[in-house]
Structure formats: structure tokens, C-alpha cells
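J.: I'd like to ask you about the structure that follows.
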Amino acid sequence: MFKVPGGLFPRLIAFFPLLFPLYFFRGTLLGVPVSLPELVLGILFVLFLLQGYEFRLRDWKLWPVLLFLLAAGLSIAVVFVGDGSGELPRMVDGTEFPAKMKALGILKGWIVAPVLYFVMARTIFREKPSMMFWALRALVLSGAVLSVLALVQVVTGDFLTPDMRASGPFESANYLALYLGPLVVFAGLAAVESDSKGDRIFLGICAVLGAAALFFSKSYAGWIAVAGAGSLGLLLLARRRSRKSFWIAFAALFGLGLVLLLSQLGTDKFAQFVDFAGRSSSSVRLQIYEISTALIADHPLLGIGMGQFEQQYQEVAEVVLGSAPFEWNMLHPHNILLAFWLNMGLLGLGAFVWLCGRALLWLTERDKKERHLVALMLVTLLIHGLFDTPYFKNDLAFQFWLFMAMLL
């Protein structure tokens, strides 16, 4: 049996998070679209099988994972069965919507590939827990690189977004904020807890870069998520450190939040944020939630199928609202619970909640492997998920399953 020499394979798994954001490097393999992380993952999975590692499916902690996969399979079946009319789904402008291809692409990139990484990472972390340390540093480093790219946009004024918000290599500033939020929380708190001076410097630099990029992304949801999870982290830290240090840190966080609020008063973005009557990001979200809940009411058990929200949203928007929506093109329902319910049905939503509930138990533990901080990253994701969709994207799905590999 082929063996990767020198314990190299666990390190390859641990440093794989460096590739999470590189999904936009794409090609085809045997006629199938594939991204760079998926290609590397496929090679790693073959090596994983050749190493003779064991993955214990009988572990009860994995039951929600199996339910998650079952729900994904059912959601694909929903798409392929369709409404029984035999008619091709179409967008509001009459163009054909590639429902089946979209569902299969999502199954590959957002479900199968990340879960395969979960299988390998969980196995490695259980055999060599020290690899969690390096996996987290690799993840933080990937965020630091994205942050530098975003800050270069700020300095040069060469933005990819029409609203002049820092987005790094992504087409949306919200994508950058979704990826960076958990990493800023981890890097900041881990820098405080680390016993190594070099590690503290590395984490501190990454936290500052990430926080700066997050600020210039102007993602209010990202700011709220980091503030909420960071405050919870400080409360938990107070149990292990002096109360004086806790109140100093809490005052600093409160002061930073106040500065952020004052920096936004009088800006067009803040005016839109508090505008619920006209066309704004807040009023658009309210319409999305209304349409999403109507779709759930019509498909309460199985949902509408994987990746079908864009087309279904356009089909029912005018009927639900009684008028044309502010925004016609909408990929996601901008809420993590609504997204899972619509994409993967009640079973998928239940599996997701079960996974998160089991993982968040680490918040109550004093763990030297930093799993309590990983749980805080999950908290960041969930808070942001009240206003956006943190899972349904290639890098974010990988990020989520890395958290699960450490916490389950």
C-alpha cells in the first residue's frame, strides 16, 4: 500500500484551508467543471484511502452528518422530479433556468467536496490533535491574504464593486465579510490566549489586517457578528483571567463599536440601513424574507430543491408582494435558516441545527486545542446568518465543515 512519507499527509490536510478561497480558479476534468480546491481534494482523498485511515461511521456524533447528506440527496430528487408538468423552469425574462445542472453543481461543490474534507480532517485531528493548531493558522493566513488584497483596493481606489466597498478577489463585499468575520474573532482571541510570542504576533497582525478589511467592506452584518461573538468570547475569557483585564478588553470593544457607529452616521449606507420604506438593503431583505416564508409555506417538508431559490423567487415575487420586488435577481434568501429549509427541506434544517448545537457545547469547555475558540467562530457565522447566507458558497462550506471536523 502506498504511503506518503514522513507524516506529510496530516500536514497536507492541515494546510488545505489555504486553498479555501481559490475556488474561482476553475477548469474541466473529463467534461466536468472543477475548481482548484476540488481537484486537490480529490487527490488528497485518494491518498487518504491509500493510507489506510479508518473513519468510524458508527460514531453517534456523525448521525447529523448522515442526515445532512440524506437531506441533500432528497433535495436533488426534488429538482429532478420537478413539478410534474414537464415544462422547463424559466426566469422572469423568459430565459431557461438550468435547474438540474445547478443542483448537481451545488451538490458537488457545497456538499460532497466539503464533507469529504470533513471526513479526512476529523480523522487526522483525532489521531494527531496538534494538526488543529496548524489548520487554524492556515485558515487565518488565507484570510490575511484576502485582507491585504482588499486593503490594496482601498489604497489604490481600484474596487471590483460598484459601491466602492473592499471585496478582495470576490465580486461582493459581503462575500469577503462572511469569510473574514470568524477569522477576526479567532485571531483576536487566540492572540490573547496564546503562550507563544511569535504566535501572538502572527495572530495579532492577522486580526488587525482582517478587522481593517472588514471595516472597509462596510458590511454591517459582519460588524454585528464579530462584535457579538467577540463580546461572548470576552465573557468566557473572564472566567479564566482577572476581571480587571476583562473590563479593559470589554471597554475597548465597546469603544470600537461606538467609533464604528459614529463613523457611519450621515453616510448614504447608514441612511439606507435604517430606511425600511424606500428601496434599500433593509427593505429588500424584508421582501426577501416575505417571499421566502411564502415559499416555505408552499413546500414545508422538502423545500424547493437545491439551488432553485433564484428562479422560484422571481416566479412568485409579484404574487406574494402584490407588486414588483425592489430586486429581481436574488441568489439566496439572506438568512441561514431560511436557506437550509428552502434548499434542503426540514430534514436539512434539522441536521444543520443538530450539528451546530452539538458543536457549540465546546463553548463551556476549557480546551487547550482552541476548540472553544472554533465554537466562537461558529457563533460568528450564525449571527451573520441572521442577515446573510454564510454556508451556500464554496469557501464558506469548506470553512463550516472544518469547524465541524474540530468540534464533533
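The values are calculated or read from the model by the stated rules, or taken from the named source; none is laboratory data. Note that the structure is a prediction, hence the values are computed from the model and not measured. In this analysis, Cβ positions are derived from the backbone assuming ideal geometry, glycine residues included, and neighbour counts consider all displayed protein chains. Protein only, heavy atoms only, side chains kept; ligands, DNA and RNA dropped before computing areas. Shrake-Rupley method; radii C 1.70, N 1.55, O 1.52, S 1.80 Å.
J.: Starting from the range 325-344, keep only residues that are within 22 Å of LEU67 (Cα to Cα) and of a type outside the set (Gly, Ala, Ser), then list their pairs with residues that are in a loop (DSSP other than H, G, I, E, B) and open to solvent by 20 Å² or more (accessible area, probe 1.4 Å) whose Cβ atoms are within a distance under 8 Å, requiring at least 6 positions of separation or different chains.
T.: Taking only residues 6 or more apart or on different chains, the pairs are ASN335/LEU386; ASN335/PHE387; ILE336/LEU386; LEU342/HIS299.
J.: Need a quick list: helices (runs of 4 or more DSSP H) entirely within the range 75-187 having at least 3 residues that are modelled with pLDDT under 95.
T.: On the way: elements: 99-106, 113-127, 130-156.
Hits in the range 75-187: 99-106, 113-127.
J.: Right, here's the next one. Is there a residue in the range 1-11 that is closer than 19 Å to LEU139 by Cα, buried (at least 16 other Cβ atoms within 10 Å of the Cβ), at pLDDT 95 or above and touching a Leu at 6+ places or on another chain (Cβ under 8 Å)?
T.: The answer is no; no qualifying residue exists.
J.: Considering only the range 74-111, state which residues are without any contact (Cβ under 8 Å) to a residue 24 or more places away in the chain and either surrounded by 14 or more Cβ atoms within 10 Å (Cβ to Cβ) or of a type in the set (Lys, Arg) (or both).
T.: We begin by selecting, within the range 74-111, every residue without any contact (Cβ under 8 Å) to a residue 24 or more places away in the chain; these are 77, 80-88, 93-96, 98, 100-101.
Matches in the range 74-111: GLY82, PRO98, LYS100.
J.: Is at least one residue of the range 371-393 open to solvent by less than 10 Å² (accessible area, probe 1.4 Å), charged (D, E, K, R) and within 16 Å of the chain's Cα centre (by Cα)?
T.: No, there is no match, as no residue in the range 371-393 is open to solvent by less than 10 Å² (accessible area, probe 1.4 Å), charged (D, E, K, R) and within 16 Å of the chain's Cα centre (by Cα).
J.: Another question, if that's okay. Does ARG285 satisfy the condition of being of a type outside the set (Val, Ile, Thr), open to solvent by 20 Å² or more (accessible area, probe 1.4 Å) and at pLDDT below 70?
T.: It is false that ARG285 is of a type outside the set (Val, Ile, Thr), open to solvent by 20 Å² or more (accessible area, probe 1.4 Å) and at pLDDT below 70.
J.: Right, another one. Among (1) crowded, with 18+ Cβ neighbours inside 10 Å; (2) touching a Phe, Trp or Tyr at 6+ places or on another chain (Cβ under 9 Å), which single condition is ILE304 missing?
T.: It is condition (2) that ILE304 fails.
J.: Oh, and also: In the range 216-229, what residues are open to solvent by 10 Å² or more (accessible area, probe 1.4 Å) and under 18 Å from PRO169 (Cβ atoms)?
T.: Within the range 216-229, the subset open to solvent by 10 Å² or more (accessible area, probe 1.4 Å) is 216, 218, 220-221, 223-224, 226-228.
Across the range 216-229, the qualifying residues are PHE216, LYS218.
J.: Now for a separate question. For the list (1) in contact with a Gly (Cβ under 8 Å, 6 or more places away or on another chain); (2) farther than 30 Å from LYS369 by Cα, I need the number of the one condition that GLY157 fails.
T.: Here GLY157 clears every test but (1).
J.: A further question on this structure: Could you please give the count of residues in the range 343-362 that are buried (at least 17 other Cβ atoms within 10 Å of the Cβ) and more than 30 Å from VAL78 (Cα to Cα)?
T.: 1
J.: Consider only pairs whose beta carbons are under 7 Å apart and that are at least six residues apart or on different chains; among these, list those whose first residue lies in the range 38-63 and is at pLDDT below 90 and whose second residue is open to solvent by 40 Å² or more (accessible area, probe 1.4 Å) and not acidic (Asp, Glu).
T.: Qualifying pairs under 7 Å: LEU50/MET1; LEU50/PHE2; GLN51/LYS3; GLY52/MET1; LYS61/ARG358.
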